[in-house]
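Here's the structure we're looking at; comments come further down.
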Amino acid sequence: MQKKIPQRQCMGCRERKAKRELIRVVRGTDGNVSLDFGGKAPGRGAYICPDPECLKKALRSKALDRSLEVTIPEEIYERLAKEMEAGRG
């Protein structure tokens, strides 16, 4: 029997993809928002594709803010953009 692959929905394009393909943004129990590349950090998580277009869509619609129930600092969006650019190279 084949092992089930966990699926998550991207907050930008709204497509369901394998959890490992996505970047997790997590709001920790202390309220701080950070990026979680291991997918194991405690707290409420939201996922986004490693695609700058998805990040733009999520930023415009404030989907990550709503999902994490907190206003996400600009630094997190900037770091996400940098990680996506680095991943493309």
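Would you point out which residue out of 34, 67 is under 30 Å from residue 3 (Cβ atoms) and part of a strand (DSSP E or B)? Just one listed residue meets the conditions, 34. Among the residues of segment 1-45, just one is among the hydroxyl-bearing types (Ser, Thr, Tyr) and in contact (Cβ under 8 Å) with a residue 24 or more places away in the chain, namely 34.
Within segment 50-62, does at least one residue satisfy the condition of being among the polar types (S, T, N, Q), part of a loop (DSSP other than H, G, I, E, B) and at pLDDT 90 or above?
Kept after step one, since they are among the polar types (S, T, N, Q), are these residues of segment 50-62: 61.
Checking which are part of a loop (DSSP other than H, G, I, E, B) leaves us with none.
Scanning segment 50-62, I find no residue that is among the polar types (S, T, N, Q), part of a loop (DSSP other than H, G, I, E, B) and at pLDDT 90 or above, so the answer is no.
Residue 86 meets all of the listed conditions (1) assigned to a helix (DSSP H, G or I); (2) modelled with pLDDT of 90 or more; (3) small (Gly, Ala, Ser) but one, namely (2). Evaluation of residue 39 against the conditions (1) in a loop (DSSP other than H, G, I, E, B); (2) surrounded by 16 or more Cβ atoms within 10 Å (Cβ to Cβ); (3) touching a Gly at 6+ places or on another chain (Cβ under 9 Å) shows that the sole unmet condition is (2). Residue count for segment 42-76, restricted to those that are surrounded by 17 or more Cβ atoms within 10 Å (Cβ to Cβ) and of a type in the set (Ser, Thr, Tyr): 2. Considering segment 78-89 alone, what residues qualify as being surrounded by fewer than 16 Cβ atoms within 10 Å (Cβ to Cβ) and either in contact with a Leu (Cβ under 8 Å, 6 or more places away or on another chain) or closer than 10 Å to residue 25 by Cβ (or both)? Matches in segment 78-89: 79, 81, 83.
Within the bounds of segment 8-24, is there any residue that is within 13 Å of residue 76 (Cβ to Cβ), of a type in the set (S, T, N, Q) and either assigned to a loop (DSSP other than H, G, I, E, B) or at pLDDT 95 or above (or both)? The answer is no; no qualifying residue exists. The single condition among (1) assigned to a helix (DSSP H, G or I); (2) closer than 11 Å to residue 13 by Cα; (3) not polar (S, T, N, Q) that residue 47 does not meet is (1).
The values are calculated or read from the model by the stated rules, or taken from the named source; none is laboratory data. Worth saying up front: this structure is predicted, and the values here are computed from it rather than measured. Counting neighbours? That spans all protein chains shown, and the Cβs are built from the backbone with ideal geometry, glycine included.
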